[in-house]
1. Restricting to segment 51-76, and then to whatever is surrounded by fewer than 22 Cβ atoms within 10 Å (Cβ to Cβ) and among the polar types (S, T, N, Q), can you tell me which residue is nearest to ligand 3 (Cβ to nearest atom)?
2. Could you tell me which residue of segment 288-315 is nearest to T50 (Cα to Cα), considering only residues that are of a type in the set (S, T, N, Q) and outside any strand (DSSP E or B)?
3. Residue check, Q264 against (1) at pLDDT 90 or above; (2) more than 13 Å from the chain's Cα centre (by Cα); (3) open to solvent by less than 30 Å² (accessible area, probe 1.4 Å), all met but one. Which one?
4. Checking V291 against (1) within 16 Å of ligand 3 (Cβ to nearest atom); (2) over 30 Å from N96 (Cα atoms); (3) in contact (Cβ under 8 Å) with a residue 24 or more places away in the chain, only one condition comes out false. Which one?
5. Restricting to segment 303-315, and then to whatever is open to solvent by 10 Å² or more (accessible area, probe 1.4 Å) and more than 13 Å from G30 (Cβ to Cβ), can you tell me which residue is modelled with the highest pLDDT?
6. Can you name the condition, by its number, that W95 falls short on among (1) farther than 22 Å from H305 by Cα; (2) open to solvent by 10 Å² or more (accessible area, probe 1.4 Å); (3) within 16 Å of ligand 1 (Cβ to nearest atom)?
7. Within segment 273-301, which residues are within 16 Å of ligand 4 (Cβ to nearest atom), open to solvent by 10 Å² or more (accessible area, probe 1.4 Å) and under 18 Å from N35 (Cα atoms)?
8. Within segment 216-253, take every residue that is in contact (Cβ under 8 Å) with a residue 40 or more places away in the chain and among the hydroxyl-bearing types (S, T, Y) and give me the one that is farthest from G136 (Cα to Cα).
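The values are calculated or read from the model by the stated rules, or taken from the named source; none is laboratory data. It should be emphasised that the depicted structure is a prediction, and the values quoted were computed from it without experimental measurement. Counting neighbours? That spans all protein chains shown, and the Cβs are built from the backbone with ideal geometry, glycine included. Just so you know, the surface numbers come from the protein's heavy atoms only, side chains and all, with ligands and any DNA or RNA stripped out. Shrake-Rupley method; radii C 1.70, N 1.55, O 1.52, S 1.80 Å.
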Amino acid sequence: MKLLLPTLFLTIAPAAIESHVTARQLATFGGFAENIAVRENGGILVTSLTTSSIQYFDPSDQNPLETLRSIPDANGISGIVEVERDLFAVAAGIWNTTARRETNASIWTIDLRNTVPSNAVFTKLLNIPETTALNGLTIVPGTSIVLGSDSALGAIYAIDISKRTYSITIQDDILTPLSSEEGLGVNGIKVHKSELYFANSDTGVFGKFPISQAGVSTGPPQVISQFNSSVVSGIDDFDMDKDGNAFIAAHLNAIYKVDCRGTQEVVVGGNQILDPTSVALGRRGKNDQKVMFASVNNITSDADHSVGSVAVVYL
Ligand SMILES: *[C@@H]1O[C@H](CO)[C@@H](O)[C@H](O)[C@H]1NC(C)=O
Ligand SMILES: *[C@@H]1O[C@H](CO)[C@@H](O)[C@H](O)[C@H]1NC(C)=O
Ligand SMILES: *[C@@H]1O[C@H](CO)[C@@H](O)[C@H](O)[C@H]1NC(C)=O
Ligand SMILES: *[C@@H]1O[C@H](CO)[C@@H](O)[C@H](O)[C@H]1NC(C)=O
């Protein structure tokens, strides 16, 4: 019998990562959960590589998860970032989760301002036909520049969402995958202060580049922390707190905190958190950063048949 291995990230056996923090699953849906964003009001948007619709729910009410309208000419959505209050940019495309590559990538905005989520306004901004794996998105704060990671090429696109233009602003060996086929290099990205932090899934490098307001690197990259590939099969998307600590989703089953000195600490792991793909720190209330949400996946055969969900973790 041929064992069907989940293909998106599972390349090694789960490591024995244990934690004393518990995670609770809040909502599930049919699809490979890829990325999440938290609105100022606490509502959560979840993207999936295997559906062209965004899932929405508010953890503070009892309403079930709501499927927003689907994006045309796409079968999956990867990165999501809030570009201004309640206005989100997403990267859509036609994904092959076995090859871990896409075609027909496009950037859309989803406008939740002054409307209920079911009436969110979707606007297509532009196509990026040459990318084969547009993955994480982040914004240079105070600008209209959204940065997108290309996990196949090992590059960063700067996408001007006002002018609807884009170009590659960073391309570097530290961002490339180990294998040109199916490999994933730079994945999660986040601008904090005037630096672009990145996670390279294949190499386990968590590092940063100094950047300008235009998203161009202004100096060489620096490695902050190196993950051990015997323990972690791939680091993915992450969020950062105001002190510069990163909370990184790590396959197969952990979320790590990495401080600015590069010290790694498991925040939650083991059976609590299966195949996490991204992390978003909570935003509501005084204790904003005491709660963390993660997109997680229960992959029984392959990514196309994953059950995605959002786990909440109290820090
Ligand atoms: C994807 O892009 C190709 C090449 O530009 C085009 O021929 C095709 O129609 C596109 N597919 C969809 C579903 O938009
Ligand atoms: C997806 O990629 C795999 C592996 O490269 C390939 O065998 C398969 O034909 C592709 N599927 C589609 C629908 O293109
Ligand atoms: C990586 O982890 C393995 C398994 O725990 C351990 O044997 C090895 O020493 C670690 N490598 C490094 C460089 O820390
Ligand atoms: C994952 O899905 C399987 C099959 O539906 C189910 O038996 C198992 O309990 C699920 N695991 C978790 C952690 O939800």
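1. N75
2. Taking the candidates together, the pick is S306.
3. The failed condition is (3).
4. Of the numbered conditions (1) within 16 Å of ligand 3 (Cβ to nearest atom); (2) over 30 Å from N96 (Cα atoms); (3) in contact (Cβ under 8 Å) with a residue 24 or more places away in the chain, the odd one out for V291 is (1).
5. Per the stated criteria, the residue is Y314.
6. Of the numbered conditions (1) farther than 22 Å from H305 by Cα; (2) open to solvent by 10 Å² or more (accessible area, probe 1.4 Å); (3) within 16 Å of ligand 1 (Cβ to nearest atom), the odd one out for W95 is (1).
7. L274, D275, N298, I299
8. S230
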